[in-house]
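Trainee: Can you keep this structure in mind? I'll have questions shortly.
The values are calculated or read from the model by the stated rules, or taken from the named source; none is laboratory data. What you see is a predicted model; the values in this text were computed from it and never measured. Neighbour counts are summed over all protein chains in view; Cβ atoms, including those assigned to glycine, are modelled from backbone coordinates with ideal geometry. In case anyone asks, the SASA skips ligands and DNA or RNA and just uses the protein heavy atoms, side chains included. Shrake-Rupley method; radii C 1.70, N 1.55, O 1.52, S 1.80 Å.
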Amino acid sequence: FAFQLVLPPWFTLAEHESLASTNDEAKRLAAEDGAPDGTLVWAHSQTAGRGRQNRLWISEPGNLFCSVLLRPDCAPDRAAEIGFAVPLAGLETLASLSNNLDLSLKWPNDILAAGKKVGGILMESSLRDGAVDWVVAGIGLNLASHPDGTEFPATSLKAAGATALPEDALAAFCSRFEHWYGRWREEGFQPICEAWLAKSHPPGTPLRVRRADGDVSGAFHGLDESGALLLDRAGKIERLDSGDVFFAGQE
């Protein structure tokens, strides 16, 4: 490709014009090739991109789709903490590419611009002998386009009045993710959690959480030490480790 992409030296770039899924390619590199920590899979378009719970992720050229292969050498219950560093880095990426954009984070892994989804994360991992063998952190950022008619409203950087090339977004994301992943390795989850909460909706925000066993409503009460959602339900704090979050009244 004609442009010169400069990434922090920790990353090993595997660039593709098109892939079915950057996460699937990163998982293949991890399992079949023994690819190292910091392997970065980037595709200009995806034909079978997906989000959480195997939802389709619309993957138009001009947006950013990439996945980072990590070998964090941690206990299985700590791997999920990395899933908060990724959207944090994504939010800071978008902030660096745009002026005065109203960016925020929604549990568990959405990036919002003016309350609409502008980015999403997909975390996958594999264990070996009871320890984490690898984690693949995938991120999609809507730079040039966004889908219409989604259940949770979507937007793009372009729709918000800013323009950015995918390669510029990739370089910015790699810089910010390396920062937060490094802090997580050195200092643990607390600084990640605090930074995430500072960019999330304020405590007391009414939420509706859709779960397999039915909806749960309450007020946002923060996160616990593992990153689970805390919901205040009439004075009783309930801990939720999965679910789709909507703002109250949003259909």
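Trainee: May I ask you to give the percent of accessible area on the chain that is carbon plus sulfur, with a probe radius of 1.4 Å?
Mentor: 49 percent
Trainee: Near LYS199, which lysines are there with a Cα under 22 Å away, not counting those fewer than 8 places off in the same chain?
Mentor: LYS106, LYS116, LYS117, LYS158
Trainee: Scan around THR205 for amide H atoms under 5 Å from its own, H built in the peptide plane at 1.01 Å from N, and keep only partners 5 or more places away or cross-chain.
Mentor: Amide H to amide H, under 5 Å and 5 or more residues apart or across chains, THR205 pairs with PHE220.
Trainee: I've got another one for you. Please report the relative contact order for the chain, taking Cα pairs under 8 Å with a sequence separation of at least 6, and give it as a percent rounded to a whole number.
Mentor: 17 percent
Trainee: Measuring with a 1.4 Å probe in the full set of protein chains, what accessible area per residue, in whole Å², belongs to the chain?
Mentor: 45 Å²
Trainee: Using a Förster radius of 35 Å, what is the FRET efficiency between ASN100 and GLN190 based on their Cβ-Cβ separation? Nearest 0.05, please.
Mentor: Efficiency computed from Cβ-Cβ geometry: 0.75.
Trainee: Evaluate the distance, in nm, between pseudo-label points positioned 7 Å from the Cα of PHE152 and of ARG71 along their respective Cα→Cβ axes.
Mentor: Roughly 3.3 nm, to one decimal.
Trainee: Can you tell me what share of the DSSP beta bridges in the range 68-198 is antiparallel? A percent to the nearest 5 is fine.
Mentor: Within the range 68-198, antiparallel bridges account for around 95 percent of the total.
Trainee: Here's a follow-up. Give the relative contact order (percent, whole number) for the range 120-188; include only Cα pairs under 8 Å separated by 6+ residues.
Mentor: 19 percent
Trainee: Between GLU15 and VAL216, what is the label-to-label distance in nm when each label sits 7 Å out along the Cα-to-Cβ direction?
Mentor: Output for this residue pair reads 4.5 nm.
Trainee: Extending each Cα 7 Å along its Cβ direction at ARG28 and ALA162, get the distance between those two points in nm, one decimal.
Mentor: Roughly 3.4 nm, to one decimal.
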